[in-house]
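To keep things clear, I will list the structure first and then write my remarks on it.
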Amino acid sequence: GGPIESCFSHFDEKAIAAASIAQVHAATLLDGRDVIVKVRRPGIERIVDADLRILRRLARIAERRIPEIARLKPDELLRHFAESLDREMDLSAEARASDSIGAFLKDMGVRTARFDWELSGRRVNIQQRLRGVPATDLEAARRRNLDLTALASTYAQAVLRMIVINGHFHADPHPGNVFFLDDGTLGLIDFGA
């Protein structure tokens with residue numbers, strides 16, 4: 001809620017990533033730590049609520065008029081979707097999920113970002129910037145002589161452990177959210193879902 005200068009010695013105003021709910025900026029804290037700042041878009045809750053009300057109204061109309069659609073229970077599906085979106089809009093929930101899953105996978109050599117809890121909340125989170133090569137850049141990983149076979153094996157084992165044993169998992173596992181870290185380990189980011 002305060003001015004950027006009260007928390008950051010540097011804040012890159014150009015987003016390095018953006019999605020429908022939030023966008024991400026690189027920054028440096030006053031103590032010199034490089035961080036990622038995820039900021040929820042202003043007014044997004046109101047927009048999502050309005051969209052979901054319209055969709056649920058249409059779903060109820062379709063359920064009443066079309067028996068084939070009624071069997072699919074679209075209104076109930078949209079209610080669950082709304083609950084999921086509400087959790088995703090709480091950026092502190094992402095931080096808790098990252099901490100929890102990171103602790104679970106730590107013994108496998110999989111890392112997640114640490115969060116600055118003093119500066120994080122529902123509308124913004126501040127997280128450690130993991131340094132490495134995104135899984136989208138296999139050529140850069142090869143140039144760094146990273147063992148891609150071992151990293152792929154670790155990733156596959158981590159996914160299975162998250163789903164089968166832990167029951168909580170990284171639900172947005174596209175290659176942009178998976179990093180080959182400079183120390184040769186695997187890093188996972190973006191636990192919003």
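Worth pointing out:
- Counting the residues of the range 100-145 that are acidic (Asp, Glu) and under 18 Å from Val178 (Cβ atoms) gives 2.
- Of the residues examined, Arg64 is not one that is open to solvent by 80 Å² or more (accessible area, probe 1.4 Å), at pLDDT below 85, in a helix (DSSP H, G or I) and over 20 Å from Leu119 (Cβ atoms).
- Flag if Ala158 is at pLDDT below 85, open to solvent by less than 90 Å² (accessible area, probe 1.4 Å), aliphatic (A, V, I, L, M) and not in a helix (DSSP H, G or I): no
- Within the range 123-136, the set of residues being loosely packed, with under 15 Cβ neighbours inside 10 Å and more than 18 Å from His10 (Cα to Cα) comprises Thr136 only.
- Looking only at the range 86-130, and only at residues there that are of a type in the set (Ser, Thr, Tyr) and more than 13 Å from the chain's Cα centre (by Cα), the one that is modelled with the highest pLDDT: Ser100
- Of all residues in the range 109-122 being over 18 Å from Leu29 (Cβ atoms) and out of contact with any helix residue (DSSP H, G or I) (no Cβ under 6 Å at 6 or more places or on another chain), the one that is surrounded by the fewest Cβ atoms within 10 Å (Cβ to Cβ): Gly109
- Leu52 being open to solvent by less than 80 Å² (accessible area, probe 1.4 Å) and either in contact with a Lys or Arg (Cβ under 8 Å, 6 or more places away or on another chain) or over 29 Å from Ala26 (Cα atoms) (or both): yes
- Test for Arg79: is it in contact (Cβ under 8 Å) with a residue 12 or more places away in the chain, part of a loop (DSSP other than H, G, I, E, B) and open to solvent by 60 Å² or more (accessible area, probe 1.4 Å): no
The values are calculated or read from the model by the stated rules, or taken from the named source; none is laboratory data. Just so it is clear, the structure is predicted and the values come from calculations on it, not from any experiment. Don't worry about glycine lacking a Cβ; one is built from the backbone with ideal geometry, like all the others, and counts go over all protein chains shown. For accessibility, only protein heavy atoms count, side chains too; no ligands or nucleic acids. Shrake-Rupley method; radii C 1.70, N 1.55, O 1.52, S 1.80 Å.
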